[in-house]
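FYI, it's all coordinate maths here, none of it is from the lab. Note that the structure is a prediction, hence the values are computed from the model and not measured. Counting neighbours? That spans all protein chains shown, and the Cβs are built from the backbone with ideal geometry, glycine included.
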Amino acid sequence: MKGEIRKRWGAISVIWAGVILLTWSNVNSIEKIIRAKENAGLLRTEEKFLADNSKDVSEVLKKRESLRESVVGLKFGLLALESRLRDLAEKHGLTGLNFDCHAGRAGEESKRVNISFRGSLREAVDWLGTIRCDYKYIQVARVKIVVGSPGEDGKFQVSLNYRYRPSCSEDNPTFKGSI
């Protein structure tokens, strides 16, 4: 009799173990289906958003690109920047431009450029206004003004953030050797 009871309990235990495993398997399957539906819903929402706002998204991406100047290398970019700012300063009547740029860390996409010059307040403000409007990749970080006696030009120290995007590495140039 004890053997028969043990066989029944063994059979019942195996059946319940099967039921528990089947339930666990079903729960996992249901969770996978729910996650797939949520992901599909998110994907549809994103596709709808992109379809509805593709024009705005492309404008934002273009604006983002205009906030960084694409340069072959940082040294070339800084040289071109100095040349453009010197020409612009000359047009605005500023004199004695001195550029100072400290070495930065590798991988940076922004460089602090310090500029000092002499000129009138009106000329300096016009120059900075032109930079703000025409050169979106240059951000004025700090301006220090030292005013002399009336009729004398003021001394200005301007710190700019030059934002750039390297189009190729200076360490691994595209062109090697001579032509």
- Message: From the helices alone, meaning DSSP H stretches of at least four residues, give me the mean residue ellipticity at 222 nm for the chain, per-run term -39500 (n - 2.57), in deg cm²/dmol to the nearest 500.
- Response: -19500 deg cm²/dmol
- Message: If I fit a long axis through the Cα atoms of helix 2-66 and take the longest principal axis of the Cα atoms of the chain, what angle between them do I get, 0 to 90°, rounded to 10?
- Response: 20 degrees
- Enter the angle in degrees (range 0 to 90, nearest 10) between the Cα long axis of helix 74-91 and the first principal axis of the Cα atoms of the chain, meaning the one along which they spread out most. 40 degrees
- Give Lys63/Lys111; Lys111/Lys136; Lys62/Lys155; Lys55/Lys136; Lys75/Lys136 a once-over and call out the pairs whose C-alpha atoms are over 25 Å from each other. Lys62/Lys155
- Message: No solvent, one uniform scatterer per C-alpha: report log10 I(q)/I(0) for the chain via the Debye equation at q = 0.08, 0.09 1/Å, two decimals.
- Response: -0.52, -0.58
- Query: Angle between the Cα long axis of helix 121-134 and the longest principal axis of the chain, 0 to 90 degrees, nearest 10?
  - Reply: 40 degrees
- Query: Which value, in debye to the nearest 20, gives the size of the charge dipole of the chain about its Cα centre, when Lys and Arg are +1 and Asp and Glu are -1 at the Cβ?
  - Reply: 1020 debye
